[in-house]
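The values are calculated or read from the model by the stated rules, or taken from the named source; none is laboratory data. No experiment lies behind these values; they were computed from the predicted model shown. Please note: Cβ atoms are built from the backbone with ideal geometry, for glycine as well, and neighbour counts cover all protein chains shown.
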Amino acid sequence: MSKLVLSNITKSFGAFEAVKDFSLELQKGEFVSLLGPSGCGKTTTLRMIAGFMPPTSGTIELDGQTISTPSGVVPPEKRRMSMIFQSYAIWPNMTVGENVGFGLQVRKLAGAEIDRRVDRILDVVQMRGLRGRYPAELSGGQQQRVALARAIVVEPEVLLLDEPLSNLDANLREEMRFEIRRLHDEFKITTVYVTHDQSEAMVTSDRIVVMNKGRIEQVDAPHVLYGRPKSRFVAGFIGRTNFLAGRRQGSDVLFEGFSAATSLLEGANGTGELLYSLRPQAIGLAAQKPNGGALAVEAEIAGRSYLGEYWDYQARPLGAAKPLRVSTGPNTVFEIGSRVWLEIDPAAMVRVE
Ligand SMILES: Nc1ncnc2c1ncn2[C@@H]1O[C@H](COP(=O)(O)OP(=O)(O)OP(=O)(O)O)[C@@H](O)[C@H]1O
Ligand SMILES: [Mg+2]
C-alpha cells in the first residue's frame, strides 16, 4: 500500500485552475520534490496535502484512509503531518529548546520525556549547545535547523517542506541540502519537498515531480530526469541543454550544420520538426577529426567562458547560424576563432516533444 496517494487533484480559484489533474503516489519513507517555476502550483498542492484547503476535485489518501475530498478534509492537526512554511518562522519569544519542545507539550508528554526527545533531536541537527538561546541570537542556518528539529521531533507520518532554505545565502543553502538528506536517511519520514531550485531537488530527492502551469510534466529519479527528459520544458528546466531541430529527409535527419542517420537516432520516424535535447557535456571537442562511432562535425569556436571547474564553449558547426554550447574540462583550451571537431554521440540525443 502506498503511503500518500493524490488522485486527479484539481484546485481552482474562481475561473483560474492553479493545479490541474495532479496524480502522485508516494511510498513509505520516500522523499519526493515538487519542482517548478514560480506560480506553477507547488505551494497550493502542498497546502492541500496538509489539509489547509479542499481540492476542487480529486482525493487524497494517507495509509489507505481518505483524508481529502472536495466535500470534506481531515483538519491539519489530525493528519500526523508536520509542515514548514515558505516563510518559516520560529517563535521569537521562546528559546531553541522551547521551540522544539512545544509540539510535544501540546501532545501532553511528560516533562522528562520532552527533555530527552528535545536533546536527542538537537544533537542530530547539531544545536544542543544552543538550547537556551533565543532566535534573535541565532544565524539564519541555525534558525533553519531549529525549524527542522521542531518539525521532526513530533515524529510525523509525513513531512511537508515548502522552500525551507529560501531565506539562506547560497553557501548555507548548499550545506543544508545535505543536512536535510542526512536527516531523511536517519528518520525515513515520508517527505514532500517544494523548491524551485533544481540542484536542491536533485541532492535531496528520491524522485522529482516537475510542474509547469499547474500540471505534472514528468516524475522520475533525478538522473532519469536529467538524462531522459520527456519534454522541452523539462530538458530546459533541469540543467543546461542544446535544442536541435531536425527534419527528416530519406534515411537521414538534417540538423543545422550536420545530419544523422535515422537508424542512429531515437524517435526519428516522425514527420515534421523533430526536436532533440543534447547536453553540453555530452559533446566532445577535439582539434583533429575523431575516428570513432560518433558523428564528427567541423565547427568554429564562437565564444567561451571559463567557469573554473569547466569551460563553457560556444561552437558553431560550419554552415550553421547558431552555435552549440559545449562543456569541457578546465584543461581543454581552444582560442576563439579556431577550427575544432565536435564529437556527437547520437545516443546522447534525446527526443523531446
Ligand atoms: N488563495 C488564492 N486565490 C487566488 N489565486 C491563488 C491563491 N493561492 C494561489 N493562487 C494562484 O495560484 C497559482 C499557484 O500558486 P502557488 O502558491 O501554488 O505557486 P508556487 O508554485 O508555490 O509558486 P512560488 O514558487 O512563487 O512559491 C498562482 O498563480 C497564484 O497566484
Ligand atoms: Mg510557493
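Please verify whether region 137-149 includes one or more residues that are crowded, with 17+ Cβ neighbours inside 10 Å, touching a residue at least 60 places away in the same chain (Cβ under 8 Å) and not acidic (Asp, Glu). Checking region 137-149: at least one residue is crowded, with 17+ Cβ neighbours inside 10 Å, touching a residue at least 60 places away in the same chain (Cβ under 8 Å) and not acidic (Asp, Glu).
Number of residues in region 103-153 that are outside any loop (DSSP other than H, G, I, E, B) and either outside the structural domain of Arg177 (by TED's automatic domain parsing) or hydrophobic (A, V, I, L, M, F, W, C) (or both) equals 17.
Just to be sure I understand, how many residues within region 75-94 are among the polar types (S, T, N, Q) and touching a strand residue (DSSP E or B) at 6+ places or on another chain (Cβ under 6 Å)? Residues flagged as among the polar types (S, T, N, Q) and touching a strand residue (DSSP E or B) at 6+ places or on another chain (Cβ under 6 Å) within region 75-94 amount to 2.
Specify the residue that is modelled with the lowest pLDDT; the eligible residues are those in region 153-191 that are within 16 Å of the chain's Cα centre (by Cα) and within 16 Å of ligand 1 (Cβ to nearest atom). Result: Ser166. Pairs meeting the criteria (first residue in region 282-296 and on the phi > 0 side of the Ramachandran plot, second residue modelled with pLDDT under 95 and not in a loop (DSSP other than H, G, I, E, B), beta carbons under 6 Å, at least 6 apart or on different chains) are lacking.
Quick one: is Ser82 touching a helix residue (DSSP H, G or I) at 6+ places or on another chain (Cβ under 9 Å), in contact (Cβ under 8 Å) with a residue 60 or more places away in the chain, in a strand (DSSP E or B) and away from ligand 2 (no atom under 16 Å from the Cβ)? Yes, satisfied. Taking each residue of region 165-186 that is assigned to a helix (DSSP H, G or I) and looking for partners that are hydroxyl-bearing (Ser, Thr, Tyr) and surrounded by fewer than 17 Cβ atoms within 10 Å (Cβ to Cβ) with beta-carbon atoms closer than 9 Å, six or more apart or interchain, yields Leu172/Ser139; Arg173/Ser166; Glu174/Ser199; Arg177/Ser199. Taken together, Leu46, Leu34, Leu6, Leu26 contain a single residue that is farther than 21 Å from Gln86 by Cα, aliphatic (A, V, I, L, M) and touching a residue at least 60 places away in the same chain (Cβ under 8 Å), which is Leu26.
To keep it simple, each residue is scored yes or no on (1) aromatic (Phe, Trp, Tyr); (2) more than 16 Å from ligand 2 (Cβ to nearest atom); (3) closer than 25 Å to Asp185 by Cα; (4) not assigned by TED's automatic domain parsing to the domain that holds Gln218.
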{"residue": "Val19", "(1), (2), (3), (4)": "no, no, no, no"}
{"residue": "Ser33", "(1), (2), (3), (4)": "no, no, yes, no"}
{"residue": "Leu62", "(1), (2), (3), (4)": "no, yes, yes, no"}
{"residue": "Gln65", "(1), (2), (3), (4)": "no, yes, no, no"}
{"residue": "Thr69", "(1), (2), (3), (4)": "no, yes, no, no"}
{"residue": "Val74", "(1), (2), (3), (4)": "no, yes, no, no"}
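Among the residues here, Ala112 does not qualify as within 16 Å of ligand 1 (Cβ to nearest atom), of a type in the set (A, V, I, L, M, F, W, C) and either loosely packed, with under 14 Cβ neighbours inside 10 Å or within 22 Å of the chain's Cα centre (by Cα) (or both).
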